[in-house]
1. In the range 58-95, what count of residues is obtained for those that are more than 19 Å from Trp34 (Cβ to Cβ), outside any loop (DSSP other than H, G, I, E, B) and out of contact with any Lys or Arg (no Cβ under 8 Å at 6 or more places or on another chain)?
2. Assess whether Ala25 counts as being touching a residue at least 24 places away in the same chain (Cβ under 8 Å), more than 22 Å from Leu126 (Cβ to Cβ) and not polar (S, T, N, Q).
3. Taking the stated definitions as given, is Ala110 among the hydrophobic types (A, V, I, L, M, F, W, C), assigned to a loop (DSSP other than H, G, I, E, B) and surrounded by 19 or more Cβ atoms within 10 Å (Cβ to Cβ)?
4. In the range 32-64, how many residues are closer than 27 Å to Ser99 by Cβ and surrounded by fewer than 12 Cβ atoms within 10 Å (Cβ to Cβ)?
5. Which condition from (1) surrounded by 16 or more Cβ atoms within 10 Å (Cβ to Cβ); (2) more than 17 Å from Asp136 (Cα to Cα); (3) touching a strand residue (DSSP E or B) at 6+ places or on another chain (Cβ under 6 Å) is the one that Arg81 breaks?
6. Return the total of residues in the range 31-57 being assigned to a loop (DSSP other than H, G, I, E, B) and in contact (Cβ under 8 Å) with a residue 24 or more places away in the chain.
7. Would a scan of the range 76-83 turn up a residue that is at pLDDT below 95 and not β-branched (Val, Ile, Thr)?
8. Hey, among Asp30, Asp45, which residue is among the acidic types (Asp, Glu), out of contact with any helix residue (DSSP H, G or I) (no Cβ under 9 Å at 6 or more places or on another chain) and within 20 Å of Val116 (Cβ to Cβ)?
Amino acid sequence: MIVADTGAVIALIDRDDKHHASMVALFERDPSAWVLPWAILPEVDYLLQRYLGDAVATSFMADLAAGAFVVEWGDETDISRAFEIRERYRALGLGLVDSVVAAIAERLRAAAIATVDLRDFGSLELAGRPKLFPRDS
């Protein structure tokens, strides 16, 4: 299982993103392995709308509605664990989204986190020690 952060999904969709080819290759290996945490969805939608336009954002939403991506809607422990992670790594200035991605990756015992944010995710010591893809792939 690969838990995706916002940057990974944007790179997967945006052909002009410098990480596009590596994210497409990673996704195409096993699309069903990717899990999108609920917290990234508004951020992905906003960035797609702002930088790639309504048609791309609409297409992403249609893909979500059609089940093209597995969405993890969370459980009652995710926010408290996200807060613990945020506090432990306060110097990083982690926000809600990255903290929830990390908490969900731990809870699901993900093999990896798909991310281009190596500054933040590369500094975290998470239970299960998920790899960071594409860096560790």
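The values are calculated or read from the model by the stated rules, or taken from the named source; none is laboratory data. This structure is a prediction, so every number in the text was calculated from the model and none was measured. Backbone-built Cβ (ideal geometry, glycine too); neighbour counts: all protein chains shown.
1. Going through the range 58-95 one residue at a time, the tally reaches 12.
2. Taking the combined requirement at face value, the residue satisfies it.
3. When the stated conditions are applied, Ala110 passes them.
4. Number satisfying all stated conditions: 3.
5. Answer for Arg81: the failing condition is (3).
6. Count: 2.
7. Yes, the conditions are met somewhere in the range 76-83.
8. Asp30 is the lone residue from the list that is among the acidic types (Asp, Glu), out of contact with any helix residue (DSSP H, G or I) (no Cβ under 9 Å at 6 or more places or on another chain) and within 20 Å of Val116 (Cβ to Cβ).
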